[in-house]
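Enquirer: Can you read through this structure? Questions will come right after.
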């Protein structure tokens with residue numbers, strides 16, 4: 001007991017001496033460092049953004065700061081950080097030089113610390129972590145849009161930390177850096193509401209890349225693009241030091257701006273502060289656009305396409321004959337002996353495809369029932385020579401697609417009245433937009449605004465808050481549902497041609513009967529509410545034919561019939577023909593005709609500019 005007391009008193013006596021010895025040097029550094037509070041590198045490390053009220057950090061976790069006012073005061077945070085570097089190490093805690101290692105290394109470089117007056121502290125935890133990562137490269141990962149998950153409706157981005165000695169076969173074992181909201185398993189509806197208004201906190205996390213490939217490519221059937229980036233080892237290590245500081249730190253998560261892609265760009269700026277990638281963003285941040293920004297900055301050395309398991313399987317099925325596909329379709333009731341009429345290469349291809357298809361279906365089937373059949377297919381395949389099936393064709397990559405913001409201007413007729421139209425759509429893509437770089441059959445229009453000018457009278461014709469359509473083709477092997485959801489305000493006949501709020505949703509199927517055409521049908525429900533709170537609720541159907549007439553000419557023929565039986569009772573039938581001719585990647589001409597059985601027909605010619 002006496003020994004512990006002596007040890008404690010000695011420890012207490014040492015602390016003032018340490019401060020007394022280094023106090024003048026600390027003051028010297030704080031004085032010398034004052035101009036650094038305005039340095040861009042310091043602002044990047046602390047995630048400071050300039051607002052009308054001064055600076056504020058986007059990090060919302062107070063543990064990230066050394067000063068009480070550090071979130072809003074770069075100078076106070078700089079002064080407190082330097083003071084923290086002089087504190088003695090406490091048992092079982094990281095020293096501030098290690099906990100804030102990115103700040104320490106940058107300030108040491110700027111101020112040329114005297115190691116005798118400010119001894120550098122060992123950081124074994126960080127050193128071990130960096131040694132395990134073995135960083136040798138950086139790759140931006142972009143999984144395609146996934147409409148069945150609101151968090152990934154516009155796609156997603158993450159970073160892969162490539163390792164020393166990594167090969168194409170082993171890169172799946174590297175670590176991936178992800179930023180996401182902490183949703184705690186919230187429903188899709190709750191996520192959409194809370195994600196838009198900042199109801200979640202977000203965090204960075206590190207996990208094996210193969211887990212994300214399994215999640216995106218196998219479970220969600222999303223194609224993945226990998227962009228190898230041009231960063232030096234020193235820049236990657238600088239970024240990793242910053243990530244170390246961000247461990248378990250919380251941000252306010254916002255679906256449309258402070259999201260996964262926004263914060264990954266901030267990490268690239270931490271690696272190379274001269275980039276200024278965030279300055280190129282709009283008020284909203286779409287993952288596909290951030291990929292374009294990275295590419296335009298000249299950071300991409302190489303890109304690789306990783307097709308989803310379903311993409312590969314659908315391609316394998318297309319390569320087979322009708323007879324071979326029928327054999328697979330009848331699995332597991334057919335016998336393997338029936339394949340012996342084929343040559344060994346064909347047998348191998350059929351067995352591989354049969355296994356992949358049955359395994360894909362097997363995910364939702366009884367494991368005990370199908371495991372023996374899968375094993376039987378593998379045994380039969382192993383007895384045949386090695387062969388490689390042709391891989392799926394590589395599509396146009398996302399950064400080469402049209403820009404997401406669309407401006408439309410045109411002329412039209414509403415019955416016998418002429419008008420000029422203006423259309424503004426901040427995001428993202430519709431069925432008739434140029435298809436290169438986007439997922440086929442996916443449509444998301446967000447805040448789509450249409451104004452009309454009738455003889456000097458400006459009128460709001462429509463404001464779509466959100467308009468989502470997912471057309472997943474149904475066939476004999478895959479039987480997905482197609483669905484749609486749209487809400488906003490538009491002019492409809494509700495006694496008069498009033499501006500009414502509408503909510504429309506439906507479920508159905510779509511079928512691709514040729515390579516360039518698709519037909520779909522929905523059962524749908526529709527709600528209308530006018531400014532006087534009169535309402536109408538109806539049920540009906542919506543069918544359409546979508547055709548790619550040529551590589552730059554697309555057509556959509558639609559017919560819908562709605563029977564409103566609750567509230568104001570009426571039947572509304574609408575027929576439309578819309579065609580869009582793509583001039584180039586970011587310019588198109590659109591012609592649309594609509595016929596309504598209870599209001600004037602519409603004809604409008606628009607020029608669309610994507611930027």
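Where a number appears in this text, it was derived from the coordinates with a stated rule and is not lab data. Only a predicted model underlies this, so the values are computations on that prediction, with no experimental measurement involved. Cβ sites come from the backbone with ideal geometry, for glycine too, and all protein chains shown count toward neighbours.
Enquirer: Can you tell me how much longer the chain between residue 465 and residue 409 gets when fully stretched, taken as 0.36 nm per residue apart minus their C-alpha distance, in nm with one decimal?
Expert: Taking 0.36 nm per residue and subtracting the Cα distance, the gain is 18.2 nm.
Enquirer: Still on this structure, I have one more. With everything on Cα atoms, drop me the angle between helix 367-382 and the longest principal axis of the chain, reported from 0 to 90° to the nearest 10.
Expert: 90 degrees
Enquirer: Right, next: Between rounded, prolate and oblate, where does segment 545-586 land on the alpha carbon gyration tensor, with a ≥ b ≥ c its root eigenvalues, rounded for a/c under 1.5, else prolate if a/b exceeds b/c?
Expert: Prolate is the answer for segment 545-586, as a/c is 1.5 or above and a/b outweighs b/c.
Enquirer: Binning at 10 angstrom from zero up to the longest distance, how are the C-alpha pair distances of segment 318-382 distributed in percent?
Expert: The calculated distribution, bin by bin, is 21, 59, 19, 1.
Enquirer: Can you give me the distance in nm between label points at residue 424 and residue 115, each placed 7 Å from the Cα along the Cα-to-Cβ direction?
Expert: In this crude label model, residue 424 to residue 115 measures out at 5.9 nm.
Enquirer: I need the shape label for segment 403-610. Rule: rounded when a/c is under 1.5, else prolate if a/b > b/c, else oblate, with a, b, c from the alpha carbon gyration tensor.
Expert: oblate
Enquirer: Full-extension gain between residue 607 and residue 362, please, as 0.36 nm times their residue separation minus the C-alpha to C-alpha distance.
Expert: 83.4 nm
Enquirer: Moving on to the next point. With a/c under 1.5 counting as rounded, go ahead and sort segment 492-599 into rounded, prolate or oblate using the C-alpha gyration tensor (a ≥ b ≥ c being the square roots of the eigenvalues; past the cut-off, prolate if a/b is larger than b/c, else oblate).
Expert: prolate
Enquirer: Another one. Relative to the longest principal axis of the chain, what angle (0 to 90°, nearest 10) does the C-alpha long axis of helix 233-245 take?
Expert: Roughly 90 degrees, rounded to the nearest 10.
Enquirer: To test your reading of the geometry: what angle, between 0 and 90 degrees and rounded to tens, separates the Cα axis of helix 2-33 from the longest principal axis of the chain?
Expert: With rounding to tens, the tilt is 70 degrees.
Enquirer: If I stretch the segment between residue 595 and residue 219 completely, what's the gain in nm (0.36 nm per residue apart, minus their alpha carbon distance), one decimal?
Expert: Separation in residues times 0.36 nm, less the Cα-Cα distance, equals 131.1 nm.
Enquirer: Next up: Rg and Dmax of segment 187-262, Cα atoms, in Å?
Expert: 15.3, 43
Enquirer: Sticking with this one: Please give the residues of segment 483-512, grouped as numeric ranges, whose backbone N is less than 16 Å from a label point set 7 Å along the Cα-to-Cβ vector of residue 558.
Expert: The answer is 483-493, 502-510.
Enquirer: State, to one decimal in nm², a quarter of the convex hull surface area for the C-alpha atoms of the chain, i.e. the direction-averaged projected area.
Expert: Projected area, direction-averaged: 38.0 nm².
Enquirer: Taking the Cβ-Cβ separation of residue 130 and residue 416 as r and a Förster radius of 60 Å, what is the calculated FRET efficiency to the nearest 0.05?
Expert: Taking R0 as 60 Å, the efficiency between residue 130 and residue 416 is 0.25.
Enquirer: Turning to a different aspect of this structure: Given the alpha-carbon gyration tensor of segment 205-356, what are the semi-axes of its equivalent ellipsoid in whole angstrom, ordered largest first, with each equal to the square root of 5 times an eigenvalue?
Expert: In descending order the semi-axes read 45, 16, 15 Å.
Enquirer: Continuing with the same structure: Hey, what number do you get for the chain at 222 nm if only DSSP H runs of n ≥ 4 count, each worth -39500 (n - 2.57), divided across all residues, to the nearest 500?
Expert: Computed mean residue ellipticity for the chain: -9000 deg cm²/dmol.
Enquirer: Please give the Cα centre distance for segment 399-416 versus segment 593-609, rounded to the nearest Å.
Expert: Here the two parts' Cα centres lie 13 Å apart.
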